[in-house]
1. For a footprinting-style exposure proxy, rank Val145, Val29, Val137 by other Cβ within 10 Å, fewest first.
2. Evaluate E = 1/(1 + (r/R0)^6) for Lys36 and Asn251, where r is the Cβ-Cβ distance and R0 equals 41 Å; express this FRET efficiency to the nearest 0.05.
3. Exceeding 31 Å between C-alpha atoms, which entries from my cross-link table qualify? They are Lys154/Lys175; Lys138/Lys193; Lys36/Lys154.
4. Give the order of Glu264, Glu277 when sorted by the count of other beta carbons within 10 angstrom, beginning with the fewest.
5. Quick check on the exposure proxy: order Met225, Met231 from fewest to most C-beta atoms within 10 angstrom.
6. Once the dipole of the stretch 126-169 is set up with Lys and Arg at +1 and Asp and Glu at -1 on Cβ about the Cα centre, which of Asn163, Ile140, Leu153 lies farthest towards its positive end?
7. Under the Karplus relation 6.51 cos²θ - 1.76 cosθ + 1.60, θ = phi - 60°, what is the ordered set of whole-Hz ³J(HN,Hα) values for the stretch 105-114, x standing for Gly and Pro?
8. Under the rule a/c < 1.5 gives rounded, and otherwise a/b versus b/c splits prolate from oblate, where does the stretch 177-260 land using the Cα gyration tensor?
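Throughout, read-outs are computed from the coordinates displayed, never taken from laboratory work. Small disclaimer: the values here were computed from a predicted structure and weren't measured. Cβ placement follows ideal geometry from the backbone for every residue including glycine, while neighbour counts extend to all protein chains displayed.
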Amino acid sequence: MEEITEFLKSKTTGANWVNLAISIAIATVVVLILLKLEKKFARKWFSKSEDINKRFLEKFLRFLIIFIAALLVLLTSDATRAFGQTIFQGTAVIAAIAGFAAKPVLSDMLCGFMISTTRPFNIGDRIELDNGLVGIVKDITIRHVVLQGIDTLKINIPNSEINARTITNLSHKPKTRSIHFKFTVGLNSDLEKVKQIIQDEIRESEHTVPREGEEYSPVYFLAYMDNGLQMATTVYYTPDSPTEVVKDDVNCRVKRALDANNIEIPYNYVTVTTPPEKPDGKA
C-alpha cells in the first residue's frame, strides 16, 4: 500500500485528473454511439435468430465494445496508466486477487465460445442436463445459458457448467420435440393389451403428433422390474405445446385407461408384522 500512497501524492496532479475526465467523457460518448449502432443493426441480424452461434456473437460484440472503451480510457490517461502499473507491479496480492476473480469469467467466456461453435443445442431446443435440470434454451450470453423452466421460471447456468455436463437434447427435429415416457404395470398384465391402451391414449391426446412422415412411436416392453413390467414409448409434440402440459395430459390419460381396464399399476409397499400377544398381555 505504500507504493500506492506515494503515487497518489506525486503523480495525480490536477492536469492528470482533467485528462482522465476528458478520456472518460470521450469513451462514454463513443460507447453510447457504438451501442446504438449495435442495437440497430447487430440485434436485427442476430437476436431474432435461433442460431446459438449468432446469439453468442451478438453478446460478445456488446462486451467487446465496452471492454475496448474502458481499456482506451486506462491507456490514454497518464493518471490511470501509471496507477495501474503501480498497483500490479507494487502489490502482488492485489494482482493475484484480480487474476483469481477474472478466472471464472474467462472460463465461462471460453466455454460459451465452444458451445456456440460445437452447437450441442440451439435456441428453442429443449434440453435436459445430467443433474436433472430441464428447460427450453432461450438465450446465451458470454457467461450464461438461459433456460426457460415451467411457467415463468428462468434458469441461468454458467457456460462452464453446461460445457462440463452430459446434455440430452429433447428436440430431435426442428418442427417437433419429444419426451420419453415409462409406465410400470403388474407382472400378470396382458402385454399386447397394455401396449394398445397406451398407444390409443397417446393418439387421442390433442397435444401429441406423429413423427414426421411416420406413425406414432411403438410401445416397448423394456424390462422386468422388482414389482412389475416396465413399458416405454417416445411422444412427439410441437414446440407451441408446453412440455409440462403434454406430460400431464398423457400421464392422466394412460392412468385413467389402465384403471378402467383393471390393469394393475404396482407400487412399493412395506408389510409390518407384530408378534402375537401372550396370554398375560405381554408381547
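1. By the 10 Å Cβ count, ascending, the order reads Val29, Val137, Val145.
2. Values: r = 50 Å, r/R0 = 1.22.
Efficiency computed from Cβ-Cβ geometry: 0.25.
3. Pairs exceeding 31 Å: Lys138/Lys193.
4. Going from least to most buried by this count: Glu277, Glu264.
5. The most exposed by this proxy come first: Met225, Met231.
6. Ile140
7. 5, 5, 5, 5, 5, 5, 5, x, 5, 5
8. Prolate, because a/c is 1.5 or more and a/b exceeds b/c.
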